[in-house]
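*Asks:* One structure is given below, represented as structure tokens, and several questions about it will come after.
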Amino acid sequence: MHRHALALALLPALLATGARAQTVGDDVVKTLWCGEAFTALFATEQAQIDAQTKPIYDAFVAAAAKLVETGTQGYLDAGYTEEQVTKIKADLVVEVTPIVTSQGQAGKFSPDECNPVLHKVLVLPASSSEPAASTSAPDASSAQ
């Protein structure tokens with residue numbers, strides 16, 4: 001009888017620990033959300049990129065991929081399974097696509113919140129003589 005009482009007393013603590021193991025910080029949520037938003041945005045602009053701006057465009061695409069990779073790892077580190085993260089990312093693509101294709105929806109994060117996240121991982125090509133803010137690369141500010 002005492003064993004059952006002890007097990008019942010420990011049950012809430014065990015459940016709380018499991019729930020905490022799958023909680024991610026706001027920075028991880030933002031990193032993945034912004035990464036998926038930029039990925040969707042840059043995919044819509046791919047056909048408009050000419051040979052001259054392609055290296056800069058590729059740098060922005062790589063930065064968006066880095067955000068998705070970093071955000072994904074943040075979820076995995078918090079105890080989410082690969083399957084759960086895959087579902088979260090698929091849901092994010094559905095969420096952000098209408099936002100970045102200018103269908104009038106507001107995003108969870110604004111361009112003012114996402115642009116600094118992107119620029120932290122953005123590495124422009126060495127041959128680029130223009131600063132990132134004045135390049136003719138995809139307009140990251142329209143990503144929400």
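*Asks:* For the residue pair S102 and E69, what label-to-label distance in nm results when each label sits 7 Å from Cα along the Cα-to-beta-carbon direction?
*Replies:* Label at S102, label at E69, 3.2 nm between them.
*Asks:* What's the ranking of 60-71, 87-98 by average number of surrounding C-beta atoms within 10 Å, highest first?
*Replies:* 60-71, 87-98
*Asks:* Find out how many positive minus negative residues lie around I88, taking Lys and Arg as positive, Asp and Glu as negative, among other residues whose Cβ is under 12 Å from that of I88.
*Replies:* Local net charge: -3.
None of the figures in this text is laboratory data; all of them are computed from the coordinates on show. Bear in mind that the values here come from a model prediction, so they are computed numbers and not experimental data. In this analysis, Cβ positions are derived from the backbone assuming ideal geometry, glycine residues included, and neighbour counts consider all displayed protein chains.
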